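Note sheet for the following structure.
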Amino acid sequence: MPAPADHNELLAWVEASLAARARGAEVVQTLWSGFGHILRVQLQGEPKRSVVVKHVAPPAEMRHPRGWSGRASHERKLRSYEVERAFYARVAATPAYRTARCYKAEAHDGGFRFLLEDLDAAGYAGRRTHLEDDDLRRCLSWLASFHAAHIHQAPDGLWPNGTYWHLATRQDELAAMQDEALREAAPRLDAALRGARYRTWVHGDAKVANFCFAADEVAAVDFQYVGGGCGVQDVAYFLSSCMDDAECEQQAARHLDTYFELLRARLPEGVDGAALEAEWRGLYPAAWADFHRFLVGWAPDHWKIHRYTRAMTRAALALL
């Protein structure tokens, strides 16, 4: 894929930021709704060999693949990149969980640009669509570490309530829902999740595509929707991204057990792991139902709306 027309300016920025020579750039992927590109930049004579640039350049006209191209969508995306910049400013390289190191992140020309470690070059070149148990456990381990590291931390500068489908940011999709019972229950589902005693940060878009695999661990990318929440919001969404209906019915309970086993081993001293687990297990159906609420308005024919999703929603609504 050819680099965008302004790639020479980006190369000059990389060189000035790292005091290194850049040999060229290639586009790795385009950002959602035409908001820019992710590029890999090769460095000359550098042990890093390459870095990644996330170049956010909002389009003059929105091009959402499902037609959600209004002002609210545009402003939510711009805010998401500001949140991602705030996340990298707050969280430097940490031993608690693996992310790309951020060398520089700044607002620029109505958008943003991020200069990041190339996780492929660092050994995290694996990508998956469907996970075997070992890889699934590694992703759950990352989520457990992330949630434990930020338990009871205020999400200052991040989304007050994380996840890209949070109700307050998805009023257009709510209005489009045909499921009246779920639409009417949406505020109560949202209140149940927001009212949890045990709060942490959630990744907010913890799908399998946002995990990069090494031999025995994973790193995560894409922190546009990180913010306050309950860990099971990430877990439910993650499981929905890598398991079909039958797999969810047969395996989700076992993977939820694995997550809590890993989480309790990582919680800081003084946090009551049993109480936290009891609360978050009780909110697991609400986490599924809350995501279901978004899907019904956004894409009512989505493949993730299946028997298990509907069963979790029925369980959640019965508890409200």
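Name the pairs: first residue in segment 27-43 and free of Cβ contacts under 8 Å to residues at least 40 places away in the same chain, second residue aromatic (Phe, Trp, Tyr) and loosely packed, with under 15 Cβ neighbours inside 10 Å, Cβ to Cβ under 8 Å, at least 6 apart or on different chains?
As it stands, the answer is none, since no pair meets every condition given.
Yes or no, residue by residue, for (1) at pLDDT below 95; (2) in contact with a Ser or Thr (Cβ under 8 Å, 6 or more places away or on another chain); (3) open to solvent by 20 Å² or more (accessible area, probe 1.4 Å); (4) under 18 Å from Pro187 (Cβ atoms):
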position	(1), (2), (3), (4)
Trp280	no, no, no, no
Tyr284	no, no, no, no
Ala287	no, no, no, yes
Phe291	no, yes, no, yes
Phe294	no, no, no, yes
Tyr308	no, no, yes, no
Ala316	no, no, no, yes
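Filter segment 39-53 for residues that are open to solvent by 30 Å² or more (accessible area, probe 1.4 Å) and either in a strand (DSSP E or B) or among the aliphatic types (A, V, I, L, M) (or both); which is modelled with the lowest pLDDT?
Per the criteria, the residue is Gln44.
Output the helices (runs of 4 or more DSSP H) that fall wholly within segment 166-273 and possess 3 or more residues being over 24 Å from Trp298 (Cβ atoms), or say none.
The helices (runs of 4 or more DSSP H) meeting that bar are 245-266.
Out of Ala93, Ala89, which single residue is surrounded by fewer than 14 Cβ atoms within 10 Å (Cβ to Cβ), modelled with pLDDT of 90 or more and under 30 Å from Ala149 (Cα atoms)?
After applying the criteria, what remains is Ala89.
Given the residues Arg170, Arg127, Arg183, Arg137, which is the only one that is touching a residue at least 12 places away in the same chain (Cβ under 8 Å), within 17 Å of the chain's Cα centre (by Cα) and surrounded by fewer than 19 Cβ atoms within 10 Å (Cβ to Cβ)?
Every option except Arg127 fails the conditions.
Whether any residue in segment 232-243 is exposed (fewer than 15 other Cβ atoms within 10 Å of the Cβ) and touching a residue at least 12 places away in the same chain (Cβ under 8 Å) is what I want to check.
no
State yes or no: is Ala144 hydrophobic (A, V, I, L, M, F, W, C), at pLDDT 95 or above and part of a loop (DSSP other than H, G, I, E, B)?
Against the criterion (hydrophobic (A, V, I, L, M, F, W, C), at pLDDT 95 or above and part of a loop (DSSP other than H, G, I, E, B)), Ala144 does not qualify.
In this structure, does Glu75 turn out to be among the acidic types (Asp, Glu), open to solvent by 60 Å² or more (accessible area, probe 1.4 Å), modelled with pLDDT under 95 and closer than 30 Å to Gln171 by Cβ?
yes
When only residues in segment 186-212 that are of a type in the set (D, E, K, R) and closer than 29 Å to Asp120 by Cα count, which is least open to solvent (accessible area, probe 1.4 Å)?
Asp205
Within segment 250-270, track down each residue that is in contact (Cβ under 8 Å) with a residue 12 or more places away in the chain and surrounded by 14 or more Cβ atoms within 10 Å (Cβ to Cβ).
Within segment 250-270, Ala252, His255, Leu256, Thr258, Tyr259, Phe260, Leu262, Leu263, Arg264, Arg266, Leu267 meet the criteria.
Is it true that Gly195 is within 15 Å of His147 (Cβ to Cβ) and not acidic (Asp, Glu)?
no
For segment 101-121: of the residues being of a type in the set (A, V, I, L, M) and without any contact (Cβ under 8 Å) to a residue 40 or more places away in the chain, which is surrounded by the fewest Cβ atoms within 10 Å (Cβ to Cβ)?
Ala107
Looking at this structure, is Phe112 aromatic (Phe, Trp, Tyr) and within 21 Å of Thr200 (Cβ to Cβ)?
no
The values are calculated or read from the model by the stated rules, or taken from the named source; none is laboratory data. Here the structure is a predicted model, which is why all the values come from computation and not from measurement. Methodologically, a virtual Cβ is constructed for each residue, glycine included, from the backbone with ideal geometry; neighbour enumeration extends over all protein chains shown. In case anyone asks, the SASA skips ligands and DNA or RNA and just uses the protein heavy atoms, side chains included. Shrake-Rupley method; radii C 1.70, N 1.55, O 1.52, S 1.80 Å.
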